[in-house]
Every structure is written in structure tokens, then in C-alpha cells.
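So the structure is just underneath, and the comments pick up after that.
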Amino acid sequence: MSAKTVNVAIVGAGLMGREIAAAIQRWPALIGHPVRPRLTAVCDINPAALDWFDQIDTVTTKVTDYRELLIDDSIDVLYIAVRHDLHEQLYVDTIKAGKGLLAEKPFGIDGGAADAILAAISAHPESFVRCSSEMPFFPGAQWAINYVASGALGRIIEARTAFLHSSDLDATKPLNWKRQNQYCGEAGVMNDLGMHVWHVPLRLGWAPERVYGILQNIVTERPGQDGALQPSDTWDNAVIHSWSRHEGIEFPLTTEMKRIDPGHKNTWEFEAIGMDGGVRFSTKNPKQVEVFSTIDAPGIGREQSWHRLDSGSQSVWPTVTGAIFEFGFSDSILQMWAAYLAEREGALGERFGCARPAEAAATHGIYRAAITSFETRTAVTL
């Protein structure tokens, strides 16, 4: 059976727009996928940004107004990567137009915006919507997630997820929209990186019940366009300590989101420790998963041991790449899109999928609670 063609448009021709375009060109690397995406249109308010897409011969439409894409009956799905303050309007308009949507995080600048997007989805169920979060699609991350879900850890003692950058370590880096609350949102780095760390806990059913937020605005001024220092008022780093539950039993869950963490360029980490075992994975060493277990040694008794396993190249959807080879960021983008389009087609099955609208919207309540906790120096119940 031949794959179904789905025409895709990209709104926002920046870094992630180009990454998505490149991933679509690599689609033949997937084995037996039911859908074949075709990038046909791109939109950006800066016409010069559209020039990069001239090298993709399937792109026949380039516009500066996204509304032109919404009235184009040939377009099936939009990927939208724009400033957080623009999410609500663009997402709601896309959903009302009946288009599929892979939305960028944080799914609206705040909880009110996220609620408006959820309401549009409820009113227009024909629009299939998911939120972008590619890091959990690394094979090692998938191995760890499946290991936890299998019950192999027993009673969970503690868990941690993190997304760590050093992107803002340079205090002379010019001010941009992600460093201004009016565009990024009061949650700051949590809006920017939070979906990456909450995707897996929420999918495992680990919704926090009480949170304690530790927030830092480390570089409070950055050079503006004229070189003069301007306020940089977003949170640079955020750590949220929370109590969650696994199979009804409380355990501490820590999530870290940092733009200023020296030594990290783009590190995603997940760790869970239980009474019967443990697992941890970091993109710092993307080929490897560490697994903890206990063994009964004759004449010695029970011993504890960490084992290292190579995770290989295979993720949610199989590819032509040999299983012993490496996996990288561009591969995670391809796998996220494979999951999105397969689920949209009803063919994902029990495989791990993209962040759901309810999960994305739930993060805003977590961020708001973390801010309140920091301001009051108390734990906040959700």
C-alpha cells in the first residue's frame, strides 16, 4: 500500500522551521510509515528568511501572512514556531480552519492562552493537535521510559528530569524576545524549556501535587539593538521540587530548566530510582543507558550494580539506519514528526507520542505554582 501524502506548511522560518524542513526531506529513512509528508509552503514576516527554502523544490508557496495558508485547501498540517505571545492567535486560527497543528511549546504564553487553545480544539475536533517536544524520542530515552513503565523499578524512590543549556552564559549576548516577559511570558525559562522536562513525567502519570520553585534571574540586563543595556526580566534558571505519585505512592520529583548551566550545550536528562531498580539517560552520552539492579551473590548476599547498555539508533518508528549506529538531534526531530503524523493517521498504536494538548496546558499550572512558591517561599498545592 502506498503512503498517504500530507501537505505541510511551516510558519516561522527560523532555526526550528529549517530543522523541520530538513527532517521532512529525510522521510525515506523511515520504514513502512503510512504517511509521506510534502513541504509545500512556508511563511515568515521577514521575506528574506524565506530564501533558505528555495533549495526545497516542493515549496511552491512563500507568504508573509499565515492567514493565506489557512484558506489554502491543499495544505493539511501546519508547524508553527513563533514568539510565545503570538501562539494563542495563530494556534486558534489554525484549529478553527480545520488544519492539523504541530505547535511549539509552551502552547500559549500563559494558562489563559492555553485554555483558549484547548477550547478551540474541543470545538473543532477535526483539527489534530500536538505540542513539540523532541528530546524524549532519543532511543536511550525511550528505553528508560519503557523500563519505568514495565514496573521493573518497583516502588519509586525518586525521579529527576532536566534540560540544561549554557546558551546565556555570555552576559554580553544581545537581548532577544526570549529574555523579555512581554514576549516570552512570566514563566521565562520554564516556558522556553519546560515542555521538554514535563513531557515524560506527565505521560508516566506523574502529575505534581505540591511544588516548591527555585527561580533565578542571573543576568538582569543585556545589550539592546543600540548597544545600551536593557532589562532582561525573564527567569534564566528554574528548579521545581515536587511531590508526585507512582501507583498511588508519593515520591519526590525534581525538574530542572536552565539557560545558564556551564558545561552544557543542549543536555536532556532523565533518571528514576526504585526499590527494585533504576535507570538513567543523558544526551550527554546519547548511545548509553545506565540500568541499576540488585543481584544475589552466592556466599556474599545481595549486591547493587549499575550496568551500561548501548541504546543504538532505533526509536519510536523504525528506520533504515542500522541498529548499532548513532542517533542525534536531527533524528529526534524526524521521530517526533513520524509519531505526530502516524498518530494523526490512527497508526501510532501503543508507541510513544508527541505531547498532548492537555499535557502542554497542564504545564502552565505547574509554572504558575512554581512562581507563587518562589514568591512566598512556601510549597504550593496544585
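The values are calculated or read from the model by the stated rules, or taken from the named source; none is laboratory data. If you're wondering where the values come from, they're calculated on a predicted model, not measured in any experiment. All Cβ positions, glycine included, derive from the backbone under ideal geometry; neighbour counts span all protein chains shown.
In segment 245-260, the residues that are assigned by TED's automatic domain parsing to the domain that holds Tyr212 reach residues that are among the aromatic types (Phe, Trp, Tyr) with C-beta atoms within less than 7 angstrom, at least six apart or across chains, in these pairs: His246/Trp206; Glu250/Trp243; Pro252/Trp243; Leu253/Trp206; Thr255/Trp198; Met257/Phe163. Scanning segment 186-206 for residues that are small (Gly, Ala, Ser), over 23 Å from Ala144 (Cβ atoms) and within 17 Å of the chain's Cα centre (by Cα) turns up at least one hit.
Of all residues in segment 337-382, those satisfying the criterion of being assigned to a helix (DSSP H, G or I), farther than 21 Å from Gln216 by Cα and in contact with a Leu (Cβ under 8 Å, 6 or more places away or on another chain) are Trp337, Ala338, Ala339, Tyr340, Ala342, Pro357, Ala358, Glu359, Ala361, Ala362. Of the residues making up segment 291-310, just one is over 21 Å from Gly274 (Cα atoms) and either assigned to a strand (DSSP E or B) or touching a residue at least 24 places away in the same chain (Cβ under 8 Å) (or both), namely Asp310.
Yes/no per residue for (1) over 21 Å from Arg130 (Cα atoms); (2) assigned to a loop (DSSP other than H, G, I, E, B); (3) of a type in the set (Lys, Arg):
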| site | (1), (2), (3) |
| --- | --- |
| His33 | no, yes, no |
| Arg36 | no, no, yes |
| Val42 | no, no, no |
| Asp51 | yes, no, no |
| Val59 | yes, yes, no |
| Leu69 | no, no, no |
| Leu78 | no, no, no |
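Restricting attention to segment 170-186, the residues that are among the small types (Gly, Ala, Ser) and either part of a helix (DSSP H, G or I) or modelled with pLDDT of 95 or more (or both) total 1.
Taking the residues in segment 53-75 that are touching a residue at least 40 places away in the same chain (Cβ under 8 Å) and touching a helix residue (DSSP H, G or I) at 6+ places or on another chain (Cβ under 8 Å) as candidates, determine which candidate is farthest from Thr5 (Cα to Cα). Filtering first and then ranking leaves Tyr66. Within segment 91-116, the set of residues being in contact with a strand residue (DSSP E or B) (Cβ under 8 Å, 6 or more places away or on another chain), assigned to a helix (DSSP H, G or I) and within 30 Å of Thr267 (Cα to Cα) comprises just one member, Tyr91. When restricted to residues that are closer than 19 Å to Ile75 by Cβ and either aliphatic (A, V, I, L, M) or touching a residue at least 60 places away in the same chain (Cβ under 8 Å) (or both), segment 112-128 contains 3.
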